[in-house]
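The values are calculated or read from the model by the stated rules, or taken from the named source; none is laboratory data. Everything numeric in this text was worked out from a predicted model, so none of it was measured. Note that each Cβ is placed from the backbone with ideal geometry, even for glycine, and that neighbours are counted across all protein chains shown. For the accessible areas, the whole protein counts, side chains as well, though only heavy atoms, and no ligand, DNA or RNA atoms are used. Shrake-Rupley method; radii C 1.70, N 1.55, O 1.52, S 1.80 Å.
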Amino acid sequence: MKLSRIRLNQFQQFRTPLEVNDLGDGLNLFAGPNESGKSTLVRAIRAAFFERHRSTSLAELQPWGDSSAAPEVSLAFTWQEQEWRLEKRFLKRQRCDLVAADGRLNGDEAEERLAELLGFQFPGRGASKAEHWGIPGLLWVEQGAGQEVRDAVGHASEHLQSALAGSLGEALGEVTSSAGDALIQQVERERGRLLTATGKPTGDLREAQQACSTLEEEHRQLEEAVKRYQASVDRLGELRKQQQEVDAARPWEAQRERARAAQAQLEAVETLQAQQAQERYDLAGIQRQQGLYRQQLQDFEAQEQQLEKRQRAKEKAQQELATCQGNDDAVRQRLAQANAAYDEANARLTTARQRDHRQNRQSEHDQLAKQVAQLADTLTQARERRDSLQQLAEQQQAQAVDDKALGKLQQCEAELGKLTAQQQALATRLGYTLEEGQQLALGDQMLSGEGETLLLAEAELSIPGVGRLTIQPGGTDVADLRRHQQRLETERDALLQQLGVADLAAAEERARRANELEQEKQRTLARLEGLAPEGVDALESEHRLAVQRRDRLAAELAQLAEREGAQPEGEASADLPSVAQAEAALGHAGQALTSAEQAEVEHRQALSLAKQALAAAQAEWQILHDELNAPGRQQRQQDARDALTDLKVEEERLTATLKDRQRRIDAANPELLAQDVARFTQAAEALQRHAQERDAEITQLKIRLETLGANGLEEQRDEKRQRLEENQRRYDQLQRRGAALDMLLTLLKEQRQAVTVRLQAPLQKHLSRYLSLLFPGAELTVDEALKPETLIRPDSGQEERGDLAALSFGAREQMGLISRLAYADLLQEAGRPTLIILDDALVHCDRIRREQMTRILFDAAQRHQILMFTCHPENWQDLGVIPREMHALTAAT
Amino acid sequence: MPRFLHTADWQIGRQYSRFEPDDAVALAEARFTAVERLARLATEESVDAVLVAGDIFDAQTLSERTLHRTFQALSGFSGPWIMIPGNHDAALAESVWTRARRIGAIPDNVHLLLSPEVVLFEEIGVAMLPAPLTQRQTHRDLTAWFDAAETPSGLVRIGLAHGSVEGQLAEGIDASNPIAADRATSARLDYLALGDWHGLKQIDERTWYSGTPEQERFKDNGAGQALMVALNGPGAEPRIDARQVGQHAWIALKRQLSVPSDLDALLAELEALPPMSVLDLTLQGQLDLAAQQRLEQALGAAAGRHRSLQVDMTGLALAPTADDIAALHADGYLGNVITELQRRQEVEGEREVAREALGILAGMLSTRRPANHREAPQG
């Protein structure tokens, strides 16, 4: 469908007619600032189609303030190569005329035809709203509504369904049919009452499940209680039976009887045992006595043997004593010899020592004498040196010269020398060569002959017969020097005076001399020290001491000689051994003496012991001998023998009796009898106790059963089972219902999905084509209601998904437009009119996007007529169309 | 000439857990009213005694209320009620009888024969030979002692026992307490009144099972009756007369629905059943939606007419016809869903769920407003 002409009159701001002619088949761009009437134009087109001509609620179409106006719109368009004309007037003299190739239609009929053609509907009453606008509502984008496309699709879905004829239309119909959705929702709701989204029981189903498990548990417990009850009843029956059978017989009495019998037997045996014990005791006594007697006889024998032994012992002792005594003399002699030898050795040693002592002293004395002489010599020398040293020191003192002064003097002289030289250099040289006999007087000085003089000061040279020459040497320096020289000379003289010398040479001579003396002094000092390191005085005292010692020793020696002379010479000196030898000899002698003394002591000890031994042996033998010969011994021996015999007889008798009784006892088996008694007694007690316990248990059971019985356990249990089965039935029912709803829901969704997919494909194809111009490789998914849903963009290898609602405003605008264009393509394929109106549709585009959108619009315009309204014609220069200025249009009409 | 009412197996306290609670309560109540009717019958017929051959109570530990109610139901007949314990209410060391006695529920005209020894009722000319059960299970013939028991010559010898007669097909008999098939003869009994078999059954001229006075299971064995026994004197042949006592017939039906006429036949049959029955209906085959609806309606009505109606339709498939589907306006993918559900009813294991799903869908579709594209849009 292509609009060719629009005309409006008395329509909002257009109080006078506005006409737009020559609309193009593709893009038509209308530009103008705000308030220039762009939206009014759009409003007019919309009113022409959407509003009933008879509607009374359209006052806003009138120009402001003119309530008598009758807004008019007339359109001319082509559709399927036929010309159509629509004229409508609102509010006053209302009319609607539709002229088509196949006739005219008026009023409501015309409007129905329009609605059928474009795919929208009229409201029942009142103004037209979004839900009525159908397909044009989708394709004619209002200001600020471009980004919201989902609702528009929703409103248009039924029309889309009938417009997209054939399988597509059907599919769309089913998919977007409210009935189908409502059904699915209903099923979902019903299912939600029983199952959660993940298929778990909820609501009634879960309650039923829980009730079942609770009741099962309760039933089980009751069942158990019943069983326990029944078990108790059975037990009661058993116990009663036992009571009757067993207790009536009173079995414990039999046991007691048997216990008593066993007891009697036991007592009999015990008597025997007592007797046995007694006789055993007697037997033991007899045996003990036997032992004693035997022992006695043994003792007698032993004694006789002992006497023999003692006799032998005595003899041995006697022998030993004799031997010992024999050794006596030898030992004594040895001792005496040893003593004598020792004394001799000792005397020789003393003598040797004395001799040595005297010899030592003598040599010492001689040595000292030599030392004394030496010391005296040294002392004399040292004294000499000391004296000379003193002399030298005095001399030196005389010659001493103050070094400092000397130094200064030397310096002075040197400076003077230097000065002189300077003077000479500076001085005026006066050379003269006088003729023979001539003379000149230079100051006081008479010059003659040849020579040279230096003039350091003004000088007067008088030439006799000529006059006087005054010569002033040049420079202040000269005077300076002269002064300096004088100064120095004064200084020098002072120094010479100080030093007490005539001149420097003398001073130096004196210094040199003093030095020499010093050196000599040093040499002498050295020699003195060599002789007497500690000083002469020390040397003198040393000498003195040595002399004293020597004299002392001489006195001592004299004494010794005296003494020696008093003693007899004993032996010749040559025979005298050395001290060492004598000491050694003494040592040996001492050792021999010691051993001889030891031997003697031992011998005496041995002797004494032997004597003692003999005495003891003798005594012992005597005792025993006496004893054995005592009277009555024989008799006692014999008595013992007899007694022994008697006892033996008795013993045999007793042994026999014991054996016999023991046999009887063993036969009776007293242990076993004792056990029997215990056993029977315990059995009796156990039986009685058992009976009592049973009685008690019976009583208890009866009480408990009576109490429990009052509960009506089986009745309760059966009631519980009833409720359980009822609940289980309900649960099964609900479960089946839940499963059925689940299956139903799944199938419904599956089938619906299958249908949706069939329709999504062509829509997707158109969307992708446009999208590739904006985001290469991107995809815009549509949901089951064929509304655009998610934008998937490749982003450096990954996919970036964004719900439409989450995109930026600008992006939503663009997606909105693309979706509408895709729908338009679908509709065109289905042979339906597709007029597109964009009122300020892309306001939030950056430059790049705008360029892309421009391409898209251009592409779409190849297929559809697009009326585009904008405030910014400069943005759309690339569209390839010249924008129509609103004010131009206004002005033109 | 003594006349008795012979009954047994009252099973007081039996719970019917497979029924809806209301029905279960009513059925339990029916057991008491049956006893009341027995008492009334006994009085009307002026019998000399009522013989109750065991299993008066269904369990040992019933509530006191139940015990009281039971014995009070006997009040309609003031003559002797002669009872023995059966296997459900055996006379154990502690039993329902000891409890009843303890709480003083047993009236004087109730004679509880708890030991196997002759009891004389001279005033009515009867010597009773009871074989009471004193254990939960007995495997020996408790009536054996009858053969050697002596009774005074003028009195009629009546045996009262509870167990299964040897040699009979023992289907459905509860306990394994054997009774010799020729006991009446070998013990020279004039009549042997038996209990344990819940249906009416004759063993020989003098040996009968009376069955339970109110039917309590789906077995067509003559339950719900009591026996009037008339004896002319010792040695005479007894005259036996069965009387209906029970209120509710228990009927189990299993029907196949393949063609529409099957449904008609079933509905007619339902109509013809005696009212206040206990019905168990098992249906197999398939129905279309219209038939389904008809069936539902008929079953609803039947449920109102009877004591209880339970229907098992797990073997019944729902097979909507093309008309059905069209009537539902199930177009497009909804139609596919219906087809798929039909297919799944053939798959074992999914049959019931698919059927139910289809039923739900059909229900939802039929109750929604028919879609009109031109009406107030909702998209």
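The table below lists the values:
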| read-out | value |
| --- | --- |
| Exposed-site-free run, longest, chain A (rule: trypsin sites (Lys or Arg not before Pro); DSSP loop; at most 11 other C-beta within 10 Å) | A:130-893 |
| Test item: A:714-724 mean partner chain Cβ contacts at 10 Å | 6 |
| Furthest towards positive pole of dipole, A:Gln688, A:Ile665, A:Ala710, structure part region A:652-716, Cβ charges | A:Ile665 |
| Computed E for A:Gln298/A:Arg260 - FRET, C-beta separation, R0 60 angstrom, nearest 0.05 | 0.55 |
| Rounded if a/c under 1.5, otherwise prolate or oblate - region A:811-893, Cα gyration tensor axes | oblate |
| GNM result for chain B, Cα springs below 10 Å: residue of B:Ala268, B:Ala59, B:Ala242 fluctuating most strongly | B:Ala268 |
| Solvent-accessible area, 1.4 Å probe, carbon plus sulfur percent, for the protein assembly as shown | 47 |
| Over region A:670-788: Rg over Rh, Cα atoms, Kirkwood Rh | 1.76 |
| Top of B:Gly235, B:Gly285, B:Gly349 by mean-square fluctuation, Gaussian network on chain B, Cα under 10 Å | B:Gly349 |
| Relative contact order [Cα under 8 Å, 6+ residues apart], region B:171-259, whole percent | 21 |
| Options A:Ala261, A:Ala347, A:Ala861, ranked by Cα towards positive dipole end of chain A, top entry (Cβ charges) | A:Ala861 |
| Computed Kirkwood radius, in angstrom, where 1/r is averaged over Cα pairs of region A:852-893 | 11.5 |
| Size of the B/A contact, given as accessible area buried on both chains, probe 1.4 Å, in Å² | 4300 |
| Number of partner chain Cβ atoms within 10 Å, mean per residue of A:227-240 | 3 |
| Shielding by partners, peptide B:213-223 (average Cβ within 10 angstrom, other chains) | 0 |
| Prolate/oblate/rounded label for region A:747-878 (Cα gyration tensor, a/c 1.5) | oblate |
| Cα-centre dipole for region A:201-292 with unit charges at Cβ (Lys and Arg positive, Asp and Glu negative), debye to 20 | 560 |
| Rg [Å, one decimal], Dmax [Å, integer] - region A:185-259, C-alpha atoms | 29.2, 95 |
| Orientation-averaged projected area, Cα convex hull of region B:105-156 (nm²) | 4.7 |
| Most mobile of B:Ala91, B:Ala357, B:Ala73 in a GNM of chain B (Cα contacts under 10 Å) | B:Ala357 |
| Å² of accessible area per residue within region A:431-541, as computed with a 1.4 Å probe and no ligands counted | 65 |
| Total charge dipole magnitude, region A:735-893, about the Cα centre, Cβ charges on Lys, Arg, Asp, Glu only, Debye to nearest 20 | 560 |
| Length released on extending from A:Ala347 to A:Gln634, taking residue separation times 0.36 nm less the Cα-Cα span | 95.6 nm |
| Over 29 Å (Cα to Cα) - which of A:Lys38/A:Lys129; A:Lys129/A:Lys765; A:Lys200/A:Lys749; A:Lys2/A:Lys88; A:Lys309/A:Lys611; B:Lys201/B:Lys254 fall in this group | A:Lys129/A:Lys765 |
| Where N is the number of residues in region B:14-74, Cα Rg divided by 2.2 N^0.38 Å | 1.26 |
| Overall form of the protein assembly as shown per C-alpha gyration tensor (a/c, 1.5; a/b vs b/c) | oblate |
| For region A:229-273, size of Cβ-based charge dipole, Lys and Arg +1, Asp and Glu -1, in debye | 140 |
| Charge dipole (region B:214-317, unit charges on Cβ, about Cα centre) - positive-most of B:Ala272, B:Leu316, B:Trp250 | B:Trp250 |
| Loop-located GluC sites (Glu not before Pro) in region B:292-352 whose Cβ has at most 15 other Cβ within 10 Å (DSSP) | B:Glu346, B:Glu348 |
| Qualifying trypsin sites (Lys or Arg not before Pro) for region B:93-144 [loop in DSSP, other Cβ within 10 Å: at most 15] | B:Arg136, B:Arg140 |
| Kyte-Doolittle at least -0.5, axis length at least 18 Å by Cα - qualifying DSSP helices, chain B | B:21-45, B:260-272, B:289-305, B:351-367 |
